[in-house]
Each structure stands twice: as C-alpha cells, then as structure tokens.
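The values are calculated or read from the model by the stated rules, or taken from the named source; none is laboratory data. Model, not experiment: these values are computed from the prediction. Cβ placement follows ideal geometry from the backbone for every residue including glycine, while neighbour counts extend to all protein chains displayed. Accessible surface areas use protein heavy atoms only, side chains included; no ligands, DNA or RNA. Shrake-Rupley method; radii C 1.70, N 1.55, O 1.52, S 1.80 Å.
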Amino acid sequence: MMFGPRPLAVAKGTRLGRDTALPSGMVLPRGTVIGPSEIAALTMAGLREVICAELEPHDIAAEDALLRLAEALVPHEVDAGLRRGRPSGGRLVLTATATGVVGLDTEGLRRMNRVDPGLSIVTVPQFQRVQTGERVAVLRALPLALRRSALSRVLAEGEDMIRLRPVLAERVTLIQTVVGAVPDGRGEGAIRARLDRLGLRLTESLIVAHRAETLAEALVSAHGEVVLILPARPTADLLDVGPLAVTQAGGVITRFGLPVEPGAEMFAGGLGAVPILGLPEAMRDPAACGADRVLERLVCGVSISDDDLADLGVGGLQSGPNAI
C-alpha cells in the first residue's frame, strides 16, 4: 500500500488517509474511496492536496479483511449467540444476542494476534457475563489495507473461536439455613438481584434450620434445576452443615474453597443431575465477589474444572465492603 500526500486532481480511486472535516460540518471518514463527489466536496473545502492510500495488488482493504476475519471467528451467528457488525473506521464489533457468559478459545486468539500487529482481536475476559447488545469483541485493523498473505496466515490459525454460552437454567431454588430468628431478607434480596442480572427468577425459596439432616431433606425435595445454599454460618469444613447435608442427601461435593477474597468459603457439588452451590457469606451483600463467577458459569451450563477455579486466584483479590 502506498500512503502519503497526493494532489487532489490525481487522487481519484484512492482512499482518504485521515478523517477530513468539511465546512458544512460533515466529516469524510478515513478509508472513504475518493470519487467525483468527494473530489468536489474537498475542492469546495479549499483543499488541493489530501493524505491518501492506494492499494496494491497484494493488498486487501481493511473493511474486507475485517469482514473475513469476523466470518471466520463467528461462522454461524445464531449458534454462537453473537451478531457481527459492519466495519467502520477500521473496527468491527461483535455483540451478544442473549444474556450469558463468553467462551473464548484463548490460545487460538493469542496465535491470531501474533501474526500481524496491524490486525487485532480484542475481547472481554474469558467467561465474562454479558447481556443482549453488549460488546463481546472488537476486531481492529490499524492500516487502511493489509497484505493478503498476512490475512491468510491469521485465518489459518482457526475459526469459531468466540461464542456466547447462554443461560440455560430456568428454575432456581434458594435454601437458607437459620439459627434462631428468621433471616431479614437481605441475603435473599442480594441473590435475587444477582439472578436478575442473568435474566433469571428465583422460583423457590426455602428456610430451614441450620442442621445437616434438615437441610438434606430440603435438598431432596427441592424443585430447582440449580440449588443454591446460603448457610447461616460460613462453611468451615467439608464436615460442616452444608457439605455434610449434600452427602447425606445422596449427593457429592466436588469442590470446597475458592482462591478469591471475599468469597473463599464456597462449596460446590451435585445431587443427581442437579448442581448445588454453597454460597459464601459475601453473597449476602449485593457487591460482586469471586463466587459470582462460579454462579454465572453454573447457570450457563459451563463445566468448571479445578484448573478454571485455580485461575481465579490471579486477580481474585477484590476491593469492596467485604474485602479484608
């Protein structure tokens, strides 16, 4: 690509190298193909020379490169839960078409971003919660044109690397345990607010005594596709009331503890096909905590490995009213 100043009289067919303001207040955007009407407007603006770019045979225009990249990353918009925007100003935006968490092939995207610094893929973090219309990724081309060979190398690194994992659960049960007085509703209100952000409603709310056998009975009779336990006291051990109740009900505990602060005293497991999440004390507060990341993935049907949870430790120290 040739880039630089050129007399307006011989600029026809090239692309405008910079945004150019006209006396009328109109702006001709960078990348505009200069035709007769653009030459007339620029002449009326008193310009005799413009910064422009002329593509060579081995080049591909930035907007065409972005379209091809978007089609590779999201070949099927409906299946991916994403909408591909139109290129503008060297950018193309991918937006969510539902509420959910974002799934990324992080290693594949990393490889693609290594090929040519002029063409980049910028995304939200892995498993970030998004809602309909929110940005998931921005594809960016810095120059007005790229080498076709560079684009081919980027596309060769893979496809279908960005998708939305939508909320799958429809029925959520909350079981609160109490010691003495009935809870004041603050904890349930905080949980409802969290579910509301995910487009979910709390369909069943139970209050039982803070005893393993009583909680186990409630777990067996719960109707939710996901069951949340908010214990009266923070869970301190696998033999504490919450985890013990899960095993007494015939379920299993797959995780106790989370490398985040606040929210470390979380436990997770299941009863048959129903996932169970024991909530930390920090979830009584509406402020976000590390366990929110687990809850969001859980209701979206995302399997969570020990490696995934271990990764939460880097960046898992959060500020806020619950932090130490």
Query raised in the report: What number goes with the only condition from (1) outside any loop (DSSP other than H, G, I, E, B); (2) under 28 Å from residue 131 (Cα atoms); (3) of a type in the set (Gly, Ala, Ser) that residue 224 does not pass?
Result: (1)
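Looking at segment 154-165, which of its residues are in a strand (DSSP E or B) and either of a type in the set (Asp, Glu) or open to solvent by 20 Å² or more (accessible area, probe 1.4 Å) (or both)?
163, 165
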Query raised in the report: Could you list, in sequence order, the residues of segment 249-272 that are of a type in the set (Phe, Trp, Tyr) and open to solvent by less than 30 Å² (accessible area, probe 1.4 Å)?
Result: 267
Query - In segment 166-182, the residues that are out of contact with any Cys (no Cβ under 7 Å at 6 or more places or on another chain) and open to solvent by 40 Å² or more (accessible area, probe 1.4 Å) - result: 170, 171, 179, 180, 181, 182
**Report entry** Matching residues, segment 105-133, being assigned to a strand (DSSP E or B), open to solvent by 20 Å² or more (accessible area, probe 1.4 Å) and closer than 22 Å to residue 303 by Cα
**Finding:** 123, 129
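Being more than 16 Å from residue 203 (Cβ to Cβ), crowded, with 22+ Cβ neighbours inside 10 Å, at pLDDT below 95 and not hydroxyl-bearing (Ser, Thr, Tyr) is true for just one of 151, 144. Which residue is that?
Exactly one residue qualifies, and that residue is 144.
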Query raised in the report: Within segment 86-104, how many residues are crowded, with 17+ Cβ neighbours inside 10 Å, among the small types (Gly, Ala, Ser) and at pLDDT 95 or above?
Result: 3
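Can you tell me how many residues in segment 161-186 are over 26 Å from the mean Cα position of the chain (by Cα) and closer than 22 Å to residue 263 by Cα?
The total comes to 9.
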Query raised in the report: What is the one condition in (1) at pLDDT below 90; (2) within 30 Å of residue 163 (Cβ to Cβ); (3) open to solvent by 50 Å² or more (accessible area, probe 1.4 Å) that residue 44 does not satisfy?
Result: (2)
Report task. List every residue pair whose Cβ atoms sit under 9 Å apart, with the two residues 6 or more apart in sequence or on different chains, where the first one lies in segment 87-101 and is under 19 Å from residue 298 (Cα atoms) and the second, anywhere, is of a type in the set (Lys, Arg) and open to solvent by less than 30 Å² (accessible area, probe 1.4 Å). Result -> 101/297
Report summary line: By residue number, the members of segment 172-219 that are in contact (Cβ under 8 Å) with a residue 60 or more places away in the chain and within 20 Å of residue 235 (Cα to Cα) are 177, 186, 187, 190, 191
Requested in this report: With the condition kept exactly as written, say whether any residue in segment 6-15 is under 27 Å from residue 138 (Cβ atoms) and either in contact (Cβ under 8 Å) with a residue 12 or more places away in the chain or assigned to a loop (DSSP other than H, G, I, E, B) (or both).
Outcome: yes
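Restricting attention to segment 23-37, which residues are open to solvent by 20 Å² or more (accessible area, probe 1.4 Å) and either outside any helix (DSSP H, G or I) or on the phi > 0 side of the Ramachandran plot (or both)?
Selection gives 23, 24, 25, 26, 27, 29, 30, 32, 33.
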Requested in this report: Only residues that are over 17 Å from residue 187 (Cβ atoms) and crowded, with 21+ Cβ neighbours inside 10 Å: list them for segment 230-248, please.
Outcome: 243, 245, 246
Query raised in the report: Do you know which residues across segment 295-314 are open to solvent by 10 Å² or more (accessible area, probe 1.4 Å) and either of a type in the set (S, T, N, Q) or under 17 Å from residue 167 (Cα atoms) (or both)?
Result: 296, 297, 298, 301, 302, 303, 304, 305
